[in-house]
Every structure is written in structure tokens, then in C-alpha cells.
Amino acid sequence: MKVCIYGAGAIGGYMAVMMKQAGIDVSLVARGPHLAAIRENGLKLIIDGEEKVAQMPATKVAAELGPQDFVVIGLKAHQAWEAAEDLAPLLGRDTAVVTAQNGVPWWYFYGIDGPHANKRLSTVDPGDRQWNAIGPERVIGSTVYPATEIAEPGIIKHIYGDTFGLGEPDRTKTARLKAFGGALDASGLKARYYDDIRDDIWLKLWGNLCFNPISALTRATLDVVATDPGTRAIAKSMMLEAQAIGEKVGATFKVDVERRINGAAKVGAHRTSMLQDVEAGKPIELDALLSSVQEMGRLVDVPTPNVDIVLALAKQMGRSLDIYPTFPEEAVQAEEPKLAAAG
């Protein structure tokens, strides 16, 4: 089995070392000082007080690696959009692409019936770039639960968790799904299969869409956001808006909103990924976490007043700090006729 991790950052690097040490043929696409360190010293993973080092092909040019059995996209959503065409040399006839981004994925409406079948989401895939370059038929959906970080270039530190949710967009149980899940299990990771991976995408998104931007705006840790009466109320209102949207497009929420918030509070003084990005001056993921929910709300006629307010504030914060990545103007303009027609 040949597996390319495209975007060997904190999560991708963690997967890569674990899979390589299990004997899987793994290669990496990375960049900058991180890539240089991997080439010189291998990729190091610090986990449970131990150090694991794996040597594997690493490049910034995907064409050097050739067709793969599986490509895991470990980039953030906006980076994945930018890299869509660069995946072409990795894609053979039967290559599957595992999308490991937070938020609503670009392929969300592929493989389902109803009035929104094959609907494209302009907030995460303007110009249908990923839809056309990758093809939704290649996708295996994934939700990522481990917490990891790049301690320094070439070194990944594992914090907690080892589980990855997996599911085919069309809800089938395929040989490729079992093969990739089996590879995760053989690597000491855990694959959790879902009849509809969208349910788990919503469960994770449910917290990310409120806790991330609220923490970034207030600089408060997760326990504070989830317990302070004011921020908890805002988070709950956003989650209820999202739940109404999710249920309208067929999602099932198996946990009630109070339990979901209480679960977040129990995590403790955790700095959300968006707060960490703000503090580090890195680009923030707003469109996949919030703009996409707003777009889906418009699609199914569900008002999103609280999501709208927090999104507007977070966008302005991102612009003022120059950390809100926007899509190129020509891609956005290409979507305007579609948005006008939808409106």
C-alpha cells in the first residue's frame, strides 16, 4: 500500500510516522524548514515520553512521488483548495483521497439524494476547484480527533487521542474504506467507521464553529468559553442554529447541546486551534467552520443571526491581523452568478 500524506504538519506527520513504523510505504509532501528538517534528520514523533523517528521520501513537488493508493490531505481547508491541481500526479485510476480538514467539506452533498444532491459549496470550494481537480468519487471522509503540534521543524509532539472517523460519502462499505481503516489500526491508530460520516463531521463542527471563534475573539480558553454565562449562551445559540441546519440536510445529532458544551468544559484550559493560530499570527480557518454553515443556512432557509454576528466579528479580527485568508477575486467572481441564482 502506497500512502502519500499531502501536508505533513502536526496531524499528517503523526499519521506518517505511525504508519511508516508499521511497514506502510509512506511519502510526504511538505515545505519550508519543516521539509528541510525531515530530509536531513527524518520525521520525529514524541509520544508517551518516547521518540520515534521515521525516514521516508519527502518533497514539495508531488510529481516526484507518482500515483498512490491513498492520498491523505492534511492541509487546512483554504490550503487544500489552493493545492487541488497539484494532487494530479498522485492520482492513479483507483486512488482514494482522504480529506482530513476541519469544518464542512467541499464534497458534502455528493452521494446523497434529494434536492441538494451534488450541490457545490462556494464558501469552501469557489469555482468548484477541488470538485473538478480531485473528483468527489475519490473521497473518503474523515474526522480527526488526536491533538498534536509541531514542536519545531521536523518534530511532532503528540498531546492526546488516536482516533480517526472514516466513512464513504455515499454511505457504502467499500474495500478501500476497510483497507485504509485497517492500515490505521495496524499502525497503532484507531479507525472508527460511520454509516454516515456527515453525522460525525457535524458533531465535531458543532463545537468548532462556536468555541474556536469565540476563544479567538476573547483569548479565553475552552473551559472559560464553555462555563462563563455570556460566552456559553452565545455558543449554545450558535450550536442550535447549526443543529437546525444540519437536521434539514439529513444529519442526526446523537448528543444534546448542553451535554456537548459540558463535554467541552471538561477538557479544561485548552487553547483552541484558532486561538493558537491567532497568537502565532497564522491564517485562521473561518470559511470551513463558519461561512459554510452560513451558506448552508441560506440554502435551507434557516436564519443564523448568532453565527452571522460572530462570523462578522471574527472576519474583521482576521483582516485587522492579516490572518484571514481569502480566495482569489477571480474565483469568488466566478461564483457570483450561482449565488445570485440561488438567492
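Could you check, for the stretch 171-180, whether at least one of its residues is in contact with a Lys or Arg (Cβ under 6 Å, 6 or more places away or on another chain) and under 25 Å from E82 (Cβ atoms)?
The answer is no, given that none of the residues of the stretch 171-180 is in contact with a Lys or Arg (Cβ under 6 Å, 6 or more places away or on another chain) and under 25 Å from E82 (Cβ atoms).
Please verify whether V53 is outside any helix (DSSP H, G or I) and buried (at least 18 other Cβ atoms within 10 Å of the Cβ), treating the condition exactly as stated.
no
May I ask you to list pairs of residues, at least six apart or on different chains, whose Cβ atoms are under 9 Å apart, with the first in the stretch 179-194 being touching a residue at least 40 places away in the same chain (Cβ under 8 Å) and the second being in a helix (DSSP H, G or I) and polar (S, T, N, Q)?
S187/Q21; G188/Q21
Go through (1) touching a strand residue (DSSP E or B) at 6+ places or on another chain (Cβ under 8 Å); (2) within 22 Å of P146 (Cα to Cα); (3) at pLDDT 95 or above one by one and return the number of the condition G9 breaks.
Among (1) touching a strand residue (DSSP E or B) at 6+ places or on another chain (Cβ under 8 Å); (2) within 22 Å of P146 (Cα to Cα); (3) at pLDDT 95 or above, G9 violates only (3).
Take G207 and decide whether it is crowded, with 19+ Cβ neighbours inside 10 Å and either modelled with pLDDT under 95 or among the charged types (D, E, K, R) (or both).
Yes, satisfied.
Yes or no, residue by residue, for (1) at pLDDT 95 or above; (2) within 30 Å of L286 (Cβ to Cβ); (3) basic (K, R):
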| position | (1), (2), (3) |
| --- | --- |
| K20 | yes, no, yes |
| V29 | yes, yes, no |
| H34 | yes, yes, no |
| E40 | yes, no, no |
| I46 | yes, no, no |
| P57 | yes, no, no |
| V61 | yes, yes, no |
| E64 | yes, no, no |
| A84 | yes, yes, no |
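Hey, can you tell me all the residues within the stretch 19-37 that are touching a helix residue (DSSP H, G or I) at 6+ places or on another chain (Cβ under 8 Å) and buried (at least 24 other Cβ atoms within 10 Å of the Cβ)?
M19, V26, L28, V29, A30, listed by residue number.
With the structure loaded, tell me whether I159 is over 24 Å from Y324 (Cα atoms), surrounded by fewer than 23 Cβ atoms within 10 Å (Cβ to Cβ) and either modelled with pLDDT under 95 or in contact with an Asp or Glu (Cβ under 6 Å, 6 or more places away or on another chain) (or both) or whether it fails that test.
Details: over 24 Å from Y324 (Cα atoms): yes; surrounded by fewer than 23 Cβ atoms within 10 Å (Cβ to Cβ): yes; either modelled with pLDDT under 95 or in contact with an Asp or Glu (Cβ under 6 Å, 6 or more places away or on another chain) (or both): yes.
In short, yes.
Do we have any residue at all in the stretch 156-178 that's out of contact with any helix residue (DSSP H, G or I) (no Cβ under 9 Å at 6 or more places or on another chain), farther than 18 Å from I73 by Cβ and in a helix (DSSP H, G or I)?
For the stretch 156-178, residues out of contact with any helix residue (DSSP H, G or I) (no Cβ under 9 Å at 6 or more places or on another chain), farther than 18 Å from I73 by Cβ and in a helix (DSSP H, G or I): present.
I'm trying to understand the selection: among the residues of the stretch 89-104, which are crowded, with 19+ Cβ neighbours inside 10 Å and of a type in the set (K, R)?
Those that are crowded, with 19+ Cβ neighbours inside 10 Å and of a type in the set (K, R): none in the stretch 89-104.
Just a yes or no: is a residue in the stretch 117-125 touching a residue at least 24 places away in the same chain (Cβ under 8 Å) and among the polar types (S, T, N, Q)?
Yes, there is a match, as at least one residue in the stretch 117-125 is touching a residue at least 24 places away in the same chain (Cβ under 8 Å) and among the polar types (S, T, N, Q).
Being among the acidic types (D, E) and over 18 Å from V293 (Cβ atoms) is the filter; apply it to the stretch 224-277 and report the residue that is nearest to the chain's Cα centre (by Cα). Even if it seems obvious, please write down each step before you answer.
At the first step, the residues of the stretch 224-277 found to be among the acidic types (D, E) are 228, 241, 247, 256, 258, 277.
Among the residues that remain, those that are also over 18 Å from V293 (Cβ atoms) are: 228, 256, 258, 277.
Values: D228: 27, D256: 23, E258: 24, D277: 15 Å.
By that ranking, first place goes to D277.
Looking at R39, R120, which is the one that is closer than 22 Å to P136 by Cα and either outside any strand (DSSP E or B) or not assigned by TED's automatic domain parsing to the domain that holds L205 (or both)?
After applying the criteria, what remains is R120.
Go through the stretch 302-321 and count every residue that is charged (D, E, K, R) and either under 12 Å from T123 (Cα atoms) or without any contact (Cβ under 8 Å) to a residue 24 or more places away in the chain (or both).
Matching residues across the stretch 302-321 total 2.
Regarding K2, is this residue at pLDDT below 95, charged (D, E, K, R) and farther than 18 Å from G154 by Cβ?
No, not satisfied.
If I ask for residues that are under 22 Å from G127 (Cα atoms) and among the polar types (S, T, N, Q), which ones from the stretch 65-100 would you list?
Those that are under 22 Å from G127 (Cα atoms) and among the polar types (S, T, N, Q): Q79, T99.
Among the candidates A147, A133, A179, single out the residue that is under 30 Å from E40 (Cβ atoms) and not assigned by TED's automatic domain parsing to the domain that holds E241.
A147
The values are calculated or read from the model by the stated rules, or taken from the named source; none is laboratory data. This one's a predicted model, so the numbers in the text were calculated from it and none came from an experiment. Note: ideal-geometry Cβ built from the backbone for every residue, glycine included; neighbour counts use all protein chains shown.
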